[in-house]
Ligand code: G6P
């Protein structure tokens, strides 16, 4: 979590840094701060709370330095408070540091540094970094151009945990050093200026050319060049990557919130993700993949591993892979999977889904599977993100930048891509051609049906106005609809703070029905024609107990039975979640708005969870 930005060039750094922080606020908003070099001295301005508190600080407009680093915080060690805000200085005020990640051995390092006369002014793990750099800097008797770099490298060798770090040194006013391990950091290349950011969209308005730093590499940024080194300080050469996203895709574009904009971007996101994968006559193609009938037949089991919404997309993927390819598929949350000694070997294919490609648990699970000899495939929305660099194969959703913490278009794009992946596997395995051709045709019609579904917003808004003060809401479904119930429930709790639970409709009577009383809202998704009657019976049971019901369906139901029925277009059951989730995204959105909450930045959450 946490977002970091950096700038070195010929312009005033502070407005550029603040602009970047605003775009990275989705990564955390407990405090914000910047450090620039002003007339060979380090300046630090920081405060708890949002970035807007920072740009209201007296004196911030007077900063004229053309090199600087900045941070927006999601608190891990030390409560949200000014003293725990980044940047942090060493005791001699020679180095300032911003950090995203967790230094796991900070207690040990703090003890070591305290014994060597250093004092600590915060409860953070980060404060050991500038002091450790200073410790090595002081010990180094040489004073050549690499002294700053050597000190940073020596400090990094002692750090355990995860980090993306930017460091300024007042003795090197024309250099910024950055490094990373298991936390994201990209370097944007401009004309006589260079940028740092935790993600690409935050600095897209300045450049579209990026260097990607690998774990345990260091970069020294000057105005006209960037030099790269490994941990032995051997120079490395790197090329830039050009990113196709344009800057306006990371703006609100007239919408009140990013979440609403992203909900309405789903037809485009799905069109782009489908891309040119199908045509009438030929089989589905992925340029990035080279599976053969032999290699696929050798796979005895597939694991799909992810966190949060991405895991819910995985559940839809399991349904498609098992039914289309007849390969046993298990889905697990990365934080559980990695610690349960999973039965993975060279006959296992492990698929990792992550919008950001930077989720710490997902990356760790991927590394574990590689160690165990499995084949690994990453599905991400971010080109060059950590999981795509670790995995044997990577394929991309084309959702464009997703800024709102609650995922919408990334989820539907992930569902789309994993279903297409299942088709690709099934075609190689020569499975049921008719079934596959019908599904491909239905996929081509999907973007237009998403547009139709988005037009249903008014009824949902009305229902939200009647529901927003509730304390508990239940979500029910069977089969594929249960996976959507899970995602709908997550969306609601994330942004409306209403307690919600999702349950397989048939399981209701084994416990949760005890909680159903007069006027409790129960939302049900009913799209699988084979399960309609069963689910309707379960809904009848909650109606009898006084529940209010919202039904999302593409079936012909007796609408008089329910308080509100949202009739979505019919589609193939393999892809129905892409339509049935949309009313639920809107339902959560409108409830959150009705409650006056910050939809894009819900409390305690961050978009990208780069700590365990
Ligand atoms: C956080 C976000 C969720 C997201 C999850 C996984 O919890 O708030 O929206 O689904 O992380 O993120 P990833 O980038 O790995 O898809």
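What follows draws every value from the coordinates through simple rules; no lab data is involved. This is a predicted model, so every value here is computed, not measured. Because the Cβ atoms are built from the backbone with ideal geometry, glycine has one as well, and the counts that use them run over all protein chains shown.
Taking the number of Cβ atoms within 10 Å of each Cβ as an exposure proxy, the fewest-first ranking of 120, 210 is 120, 210. Were the residues from residue 158 through residue 140 laid out at 0.36 nm apart, the gain over their Cα-Cα distance would be 4.9 nm. From the alpha carbon centroid of the range 84-127 to that of the range 466-516 is 44 Å.
Between residue 466 and residue 52, the C-beta separation translates, for a Förster distance of 30 Å, into a calculated FRET efficiency of about 0.35. Mind pulling the angle between the C-alpha long axis of helix 13-24 and the longest principal axis of the chain? Nearest 10 degrees, somewhere in 0 to 90. In the chain, helix 13-24 runs at an angle near 20 degrees to the longest axis. Note on residue 300 and residue 330: the model spin-label points, each 7 Å out from Cα along the C-beta direction, lie 1.3 nm apart. The listed peptides 26-39, 467-480, ordered by packing as a protection proxy, come out as 26-39, 467-480 (highest mean of other Cβ atoms within 10 Å first). From the Cα gyration tensor of the range 178-239, with a ≥ b ≥ c the square roots of its eigenvalues, which class applies: rounded if a/c is under 1.5, or else prolate if a/b is larger than b/c, or else oblate? Oblate.
Rg/Rh, computed from the Cα trace of the chain with Rh as the Kirkwood radius, has the value 1.00. Could you work out how far helix 480-496 tilts from the main Cα principal axis of the chain, as a 0 to 90 degree angle to the nearest 10? Its long axis makes an angle of about 50 degrees. Each part gets one Cα centre, and for the range 281-302 versus the range 133-147 those centres are 53 Å apart.
For the pair residue 543 and residue 214 in one chain, pulling the backbone fully straight at 0.36 nm per residue adds 112.9 nm over the alpha carbon distance. Residues 156, 169 in ascending order of nearby Cβ atoms (within 10 Å, fewest first): 156, 169.
Only helices enter the 222 nm calculation for the chain: every DSSP H run of n ≥ 4 contributes -39,500 (n - 2.57), and dividing by all residues gives -11000 deg cm²/dmol, rounded to 500.
Computed from Cα atoms, the angle from the helix 433-454 axis to the main principal axis of the chain rounds to 70 degrees. From the Cα gyration tensor of the range 1-125, with a ≥ b ≥ c the square roots of its eigenvalues, which class applies: rounded if a/c is under 1.5, or else prolate if a/b is larger than b/c, or else oblate? Since a/c reaches 1.5 but b/c is at least a/b, the shape of the range 1-125 is classed as oblate. Among 77, 116, the ranking by other beta carbons within 10 Å of each residue's beta carbon, starting with the fewest, stands as 116, 77.
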